[in-house]
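I have placed the structure first, in the form of structure tokens, so that the comments after it can refer back to it.
Values in this text are rule-based calculations from the coordinates and carry no lab data. Keep in mind the model is a prediction, meaning the values are calculated, not measured. Please note: Cβ atoms are built from the backbone with ideal geometry, for glycine as well, and neighbour counts cover all protein chains shown.
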Amino acid sequence: MLAAEKAAARKAAFVRRKAAYEIAGPAASGLLSEVLAGHRGVPLAGFLPIRTEIDPLPAMAEASAYGPVGVPVIQGAGLPLLFSQWEPDAPLREGPFGARVPMDDVWMVPEILIVPLVAFDRHGGRLGYGGGFYDRTLEGLRARGPVLAVGFAFAAQEAEALPMEETDQRLDMIVTETDVFSF
């Protein structure tokens, strides 16, 4: 039953995200840059956007001037993500699911994680693509020490409430092109 609820929520959120993507301007990551400016030099990981995801690259590029920035590298089904150091304009190669990853992996451990998502709610709930990669990753990172999990999405991706399972990791903050929500 919960799987069907998640599938329906995911389908509706994809429609909203596509519409927001089509009208998004280049300043969509402005608030994310402001949030990250308060954490200069702290190792962070973002993501290289695929399909209609909001683009965090301007904020990541700015942050890379102050400290290490990584991007996720999928190791396989059922495994947590690893993070390879990224720099603007560095060579990339094709990774799983159409995401590009650095040509040469230099592994790092983030203390801030910018998390892509399909939908979010105002309780820190996040709906991803369904593979559980970020849930496993956040669980492992949090077991090691403090980590700030920042969901980054279009405001249109907000849902009233999301079906959550015990293994779903909540976000500490959501940043959209118009708002910042802390939990």
| What whole-number value in cubic angstrom gives the convex hull volume per residue for the C-alpha atoms of segment 36-183? | 109
| query | So if we plug the beta-carbon distance of residue 65 and residue 34 into 1/(1 + (r/R0)^6) with R0 = 22 Å, what FRET efficiency do we get, rounded to 0.05? | reply | 0.90
| Where the centroid of each part is defined by its Cα atoms, how far is segment 141-161 from segment 42-61 in Å? | 13
| task | Give, rounded to the nearest 20 debye, the magnitude of the charge dipole that segment 10-125 has about its Cα centre when Lys and Arg contribute +1 at Cβ and Asp and Glu contribute -1 at Cβ. | result | 600
